[in-house]
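Below is one structure, written out as structure tokens; the observations come after it.
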Amino acid sequence: MNYLKRYFIPILLILFLSGCGYNIHRSSDINNRTVYLRNVDNVTTEPGLQDIFRTVFLEEALNHGIRLDKGGIVLDITITEYDLKTVTVKKDRSVEYSVNLLADVHIEYPDGITRDINRLSPEFMETFIAQESVQSIQAEREVTTVKALRDLSQRIIIELIY
């Protein structure tokens, strides 16, 4: 019986899981490990989002072993929405806020195939709590905006990998 548990059950488990349709993908699975971030447009009223996005996307691409250079996958990003919304009100004052982003992504692969992803958002809602001054709200908002753009960058890289 011990022989059965030790060898047969793990083999059976491996065979069962290999047929379930799940695959493990890594960033090394990208056919071309070079991405060219051609255009980043910001059509929102929030200034400077395109510059922050470029910086954050570069960091995330490097973390996944992807170079930003001409000759590979071409990306065009349009940041279409940026909203700062109140999440929680306490004693008639806003104390918790959320930053919401939406972007349209156009991908051109080296083999000529194109793909459009409209209204892509960060996977998680980014929030912050700030009760004191306007300066603290602005500072927390900037940090949270970077987090939301980082999450958006990760979603785009995931779309490139899968």
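Throughout, read-outs are computed from the coordinates displayed, never taken from laboratory work. Small disclaimer: the values here were computed from a predicted structure and weren't measured. Using ideal geometry, Cβ is built from the backbone for each residue, glycine included, and neighbour counts are taken over all protein chains shown.
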| message | Between Ser98 and Ile158, how high is the FRET efficiency from 1/(1 + (r/R0)^6) when r is the Cβ-Cβ distance and R₀ = 25 Å? Nearest 0.05. | response | 0.70
| Which whole-number percentage describes the relative contact order of the stretch 32-161, with Cα contacts under 8 Å and a sequence gap of 6 or more? | 24
| query | If you rank Leu149, Leu160, Leu102 by fewest surrounding Cβ atoms within 10 Å, what's the result? | reply | Leu102, Leu160, Leu149
| What number, in nm² with one decimal, is the all-direction average of the projected area of the convex hull of the alpha-carbon atoms of the stretch 32-161? | 8.0
| request: May I ask you to sort Leu75, Leu62 by Cβ crowding, counting other Cβ atoms within 10 Å and putting the fewest first? | output: Leu62, Leu75
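Given a Förster radius of 35 Å and the C-beta distance between Lys70 and Met125 as r, what FRET efficiency does 1/(1 + (r/R0)^6) yield to the nearest 0.05?
Taking R0 as 35 Å, the efficiency between Lys70 and Met125 is 0.50.
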| task | Give, as a single signed number, the net charge of other residues whose beta carbon lies under 14 Å from the beta carbon of His106, with Lys and Arg counted +1 and Asp and Glu -1. | result | -3
| Using 0.36 nm per residue, how much length does the chain from Gln138 to Lys85 gain when fully extended, once their Cα-Cα distance is taken away? | 17.8 nm
